[in-house]
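Where a number appears in this text, it was derived from the coordinates with a stated rule and is not lab data. Worth saying up front: this structure is predicted, and the values here are computed from it rather than measured. Quick reminder, even Gly has a Cβ in these numbers, built from the backbone with ideal geometry, and neighbours come from all protein chains shown.
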Amino acid sequence: MIKPQLIEGTTVNGLGKDIAERFFNMNRNTKFENSWHFMSAFDPEVKGLGKRESAVCERALVDLKRIAGKVARLSQRTLPAQPGRHDGLFLYFADFGKVWLSTEFIWFGQRRVSDDPAAPSRSYLKIEEAYRAFGCEPESGESVCDLGAAPGGWSYSAAKRGARVTAVDNGELKAGAKGNANITRLAADAFTFVPDKKYDWLFCDMVEHPNMVTKLLEKWIKNKWSRKFIVNLKFGRVDPIQLLEKLNSPELILKKRCLKFGIKHLYHDRDEITVFGILE
Ligand SMILES: C[S@@+](CC[C@H](N)C(=O)[O-])C[C@H]1O[C@@H](n2cnc3c(N)ncnc32)[C@H](O)[C@@H]1O
């Protein structure tokens, strides 16, 4: 991976010009025959940075047209069709005068999903996105145990597909999950809950320490209580990099026991990551 370069400047024109020149110089030996992606993002914590991002990108493109018209005309500002590594121009605005430039980027296949007015929570969008991201979703007739289910976005999404859901939570289900014929609510603690049958799916989206939730997931895997899982881990209280290293480490049985295993920070995830697996 080529190291991103930092570009610093105080004005929109200055930054735009530097970006165009740096990009051109980095690609002196590249033959541009096909379209390439021009992508940008900004730190959402810095107020007003979005406007600056748009203005600088526009300026950079104007300057690139001046230096290398054909190259600029082949640029496209749309998302790649496929997730993975892509060549192009990627800018990350860390602050008003600080922009990171990379000529390679990895796109994780972010897909916006449409909301459902009957969905009881915005968490519904997370699970819908997870199905697309991992390429697997509950099917009609499958069974789902949803730990920490309330107010019921995840349960509702599985029930919509005709799955039968056991929703474990002391909290109440709401909107489309409440009174849903495919959902049975159990008021219980997820950590002591012992299922009386094997489920097709384990769902888990609890605001609990990620180490405790990971241990719970391992318990489910060891006991073969479900064949597939989607679990959300909130990293607010721990270092996310250490959490990722732990999830990928051989000391946990997660990867070892899974035929398919994936971890993603979804578009709809906040300080949390989503873990998916299909067991052997
Ligand atoms: C973020 S919400 C879940 C949202 C849900 N996935 C949805 O789509 O609406 C977290 C839920 O976890 C539940 N919870 C936290 N700790 C729990 C535990 N030990 N046992 C059962 N539920 C728990 C909370 O009551 C809360 O309803």
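Quick notes on this structure:
- In plain terms, if you count all Cα to Cα distances in the stretch 79-160 and split them into 5 Å steps from zero, the share in each step is 3, 13, 17, 17, 12, 12, 10, 9, 7, 1, 0 percent.
- Computed Rg/Rh of the stretch 5-107, alpha carbon atoms with Kirkwood Rh: 0.94
- With semi-axes defined as the square roots of five times the eigenvalues of the C-alpha gyration tensor, the equivalent ellipsoid of the stretch 123-279 measures 23, 16, 15 Å, largest first.
- Measuring against 23 Å, Cα to Cα, the residue pairs LYS47/LYS246; LYS198/LYS222; LYS198/LYS219; LYS3/LYS98; LYS219/LYS260; LYS17/LYS98 contain LYS47/LYS246 as the ones spanning a longer distance.
- The convex hull built on the alpha-carbon positions of the chain has an orientation-averaged projected area of 17.0 nm².
- Here the dipole of the stretch 123-279 is about 460 debye; that uses its Cα centre as origin and unit charges on the Cβ of Lys and Arg (positive) and Asp and Glu (negative).
- Considering only GLU137, GLU104, GLU245, the Gaussian network model of the chain with Cα springs below 10 Å gives its largest mean-square fluctuation to GLU245.
- 3J(HN,Hα) from dihedral phi, the stretch 241-256, Karplus parametrisation 6.51/-1.76/1.60, rounded to Hz, x for glycine, proline: 5, 5, 5, 4, 4, 5, 5, 8, 6, x, 5, 8, 8, 3, 5, 4
- Taking Lys and Arg as +1 and Asp and Glu as -1, the other residues whose beta-carbon sits under 9 Å from that of SER226 total +3.
- Net +/- balance of residues flanking GLY97 in space, Cβ distance below 13 Å, scoring K and R +1, D and E -1: -3
- For the stretch 37-43, 3J(HN,Hα) per residue [Karplus equation, 6.51 cos²θ - 1.76 cosθ + 1.60, θ = phi - 60°, Hz, x = Gly/Pro]: 8, 10, 10, 8, 8, 9, 5
- Eligible aspartates and glutamates near LYS160 by straight Cα distance, threshold 17 Å, same-chain separation 8 or greater: ASP115, ASP116, GLU128, GLU129, GLU137, GLU139, GLU142, ASP146, ASP200
- Computed helical MRE - 222 nm, the chain, DSSP H runs ≥ 4 contributing -39500 (n - 2.57), nearest 500: -9000 deg cm²/dmol
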